[in-house]
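K.L.:
Would you mind keeping the following structure in view while I ask a few things?
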């Protein structure tokens with residue numbers, strides 16, 4: 001299944017290839033995810049493609065600096081990023097997928113406040 005999405009203003013667009021069936025969505029309680037309401041759909045890097053907007057993004061790092069939070073320079077939305085918890089993957093914000101994506105999602109809590117590094121099974 002191919003899903004598409006992007007930022008609020010439309011400058012940043014991406015697509016991701018997902019297996020059929022239910023997908024786990026991580027609801028992280030770290031400071032940045034809690035403040036923004038980010039819901040993580042983890043996609044192996046090889047199954048993610050940035051369609052538009054490479055020059056229209058900026059990166060923010062904090063804490064260890066290993067995660068790359070990528071924002072649209074125009075509207076400020078983080079529709080995807082390179083997470084610390086899944087180093088071979090991209091985290092797509094479920095809330096930034098186009099309407100009608102048809103995914104069967106199961107939201108599970110993720111303890112990002114106490115997460116020190118790659119310890120989660122990475123699909124990439």
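K.L.:
Between residue 73 and residue 88, what is the spin-label point distance in nm, taking each point 7 Å from the Cα along the Cα→C-beta axis?
P.N.:
Here the modelled spin labels are 3.3 nm apart.
K.L.:
R0 = 25 Å: FRET efficiency of residue 47 with residue 113, Cβ-based, nearest 0.05?
P.N.:
Details: r = 28 Å, r/R0 = 1.13.
Using R0 = 25 Å, I get an efficiency of 0.35.
K.L.:
Also: What does the C-alpha gyration tensor say about the overall shape of region 1-59? Classify as rounded when a/c is under 1.5, otherwise prolate if a/b is larger than b/c, or oblate.
P.N.:
Details: a/c = 2.05, a/b = 1.02, b/c = 2.00.
Cα axes put region 1-59 in the oblate bin.
K.L.:
Taking region 37-103 as the region of interest, what is the percent of Cα-Cα pairs per 10 angstrom bin, listed from the shortest bin to the one with the maximum distance?
P.N.:
P(r) for region 37-103, in whole percents per bin: 20, 55, 24, 1.
K.L.:
Nearest 500 deg cm²/dmol is fine: what mean residue ellipticity at 222 nm does the chain get from its DSSP H runs of n ≥ 4 alone, each adding -39,500 (n - 2.57), divided by its residue count?
P.N.:
Details: 1 runs with 6 residues, N = 124.
Roughly -1000 deg cm²/dmol at 222 nm, from the helical runs in the chain.
K.L.:
Still on this structure, I have one more. Just order 40-49, 99-108, 27-36, 77-86 by mean Cβ neighbour count inside 10 Å, highest at the front, would you? Please list the in-between numbers first.
P.N.:
Details: 40-49: 18.7, 99-108: 10.2, 27-36: 15.3, 77-86: 21.6.
Sorting 40-49, 99-108, 27-36, 77-86 by mean packing, highest first, produces 77-86, 40-49, 27-36, 99-108.
K.L.:
Then there's this: What is the spin-label model distance, in nm, from residue 54 to residue 17 if the labels are put 7 Å beyond Cα along the C-beta direction?
P.N.:
Each label point lies 7 Å from its Cα, and together they span 1.9 nm.
K.L.:
Determine the gain in length on full extension of the stretch residue 101-residue 4; use 0.36 nm per residue of separation and subtract their C-alpha separation, reporting nm with one decimal.
P.N.:
So the extension gain works out to 34.1 nm.
K.L.:
Can you tell me the convex hull volume per residue for region 1-116, based on C-alpha atoms, in Å³ to the nearest whole number?
P.N.:
Values: hull volume 11.2 nm³, N = 116.
That works out to 96 Å³ per residue.
Read-outs: derived from the displayed coordinates by stated rules, not from any lab. Here the structure is a predicted model, which is why all the values come from computation and not from measurement. Virtual Cβ from ideal backbone geometry, glycine too; neighbours counted across all protein chains shown.
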